[in-house]
Structure formats: structure tokens, C-alpha cells
């Protein structure tokens, strides 16, 4: 009898540990971090390459969770949700980025000045990040926390409207 109770107690402890681990894992997934980096690489007499990018390129967060976006280096960025078919894919599309102009207008950017946008947050749906058109200006060297309000199961495409080759996906779980 004592042995059976010991085994049951050990089993209960293992189950409790597993439930605790799952709960801790679930809370860890409720927040995610994305880094927007800026850089340029030069090879003399060959090329100059802008190495700005989002890392990781695909980020996962729960609906209701928080996405922390770190903007590193001295360049501003945006975290802008767009439809997948709006992402520029070629050099020509990057250089004449239509959605970038739309987002700049929504942010109140004056193309004739270097002034910051008059509307740093563009929120077209419910409060938070949930649909195409939502966009947040990311000042240089700052960390911004974004509430993910998109429904579970959604995949949102994002990009930087200042550097349109910076693109990624947000998986909402």
C-alpha cells in the first residue's frame, strides 16, 4: 500500500511539474522580441550593401500577447502590417514602394523634411496589432511594446515602410 501511494505521489509530482512547465512555456510564448537592425557593408570598388533587417524574420506570439520591438542603431524604422501581396519583391518595387507612400501619408510624414511623423501610431482596426494598415513608428535606439490583438491562427505580414526590404511574418497562436 505504501509503495502504491509513493508511486502515486511521484506521478502526481511529475504531472504537477509538467503542468507548471506548460504554464511557464505558455507565458513565455505570450511575449516575443523582434529586433530592427541597421547597417551598411562596403566593399571598395565593388558595392555598398544595406544590411538592415528584422531578426528573427518570423516571430510568434499569442493573441493578447506583447511583441517587444527593439530598434537598434541610429536609424528609425516602422513596424507596419501589410497584406502579403503588398510586400515589395523586386528592386523596382522597393524603389517605388506604393504601400510605403501610403503608410508615410497615414503617419503624417512630410517628405520635404526630416521631422518625425505627426502620427507615430496608425491603428486601423481594433486597438493593437490586428490587421493590415496598423503601423508604428520606431524611433532609433528605442524599445517599443506592441499589444497583439489579432485572432489566434492569423499570420500577419510586416515590413518597415522606411526600409521596404525589411520584411517578416507574425504568427499569432
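The values are calculated or read from the model by the stated rules, or taken from the named source; none is laboratory data. Keep in mind that what you see is a predicted model, and the values were worked out from it rather than measured. Here the Cβ positions follow ideal geometry from the backbone for every residue, glycine too, while neighbour counts run over all protein chains shown.
Taking the range 154-169 as the range and being within 19 Å of residue 72 (Cβ to Cβ) and touching a strand residue (DSSP E or B) at 6+ places or on another chain (Cβ under 7 Å) as the test, the residues that pass are 158, 159, 160, 161, 162, 163, 166, 167, 168.
Listed here are the residues, each with its yes/no results for (1) touching a residue at least 60 places away in the same chain (Cβ under 8 Å); (2) farther than 23 Å from residue 31 by Cβ; (3) surrounded by 15 or more Cβ atoms within 10 Å (Cβ to Cβ).
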site	(1), (2), (3)
106	no, yes, yes
135	no, no, yes
145	yes, no, no
155	no, no, no
172	yes, no, yes
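Against the conditions (1) touching a strand residue (DSSP E or B) at 6+ places or on another chain (Cβ under 8 Å); (2) assigned to a loop (DSSP other than H, G, I, E, B); (3) modelled with pLDDT of 95 or more, residue 78 satisfies every one except (2). When every residue of the range 162-169 is checked against the conditions, at least one turns out to be farther than 18 Å from residue 51 by Cα and either part of a strand (DSSP E or B) or at pLDDT 95 or above (or both).
Please verify whether residue 140 is in a loop (DSSP other than H, G, I, E, B), touching a helix residue (DSSP H, G or I) at 6+ places or on another chain (Cβ under 7 Å) and either touching a residue at least 12 places away in the same chain (Cβ under 8 Å) or more than 25 Å from residue 65 (Cβ to Cβ) (or both), treating the condition exactly as stated. Against the criterion (in a loop (DSSP other than H, G, I, E, B), touching a helix residue (DSSP H, G or I) at 6+ places or on another chain (Cβ under 7 Å) and either touching a residue at least 12 places away in the same chain (Cβ under 8 Å) or more than 25 Å from residue 65 (Cβ to Cβ) (or both)), residue 140 does not qualify. Among the residues of the range 118-133, just one is surrounded by 20 or more Cβ atoms within 10 Å (Cβ to Cβ) and assigned to a loop (DSSP other than H, G, I, E, B), namely 130.
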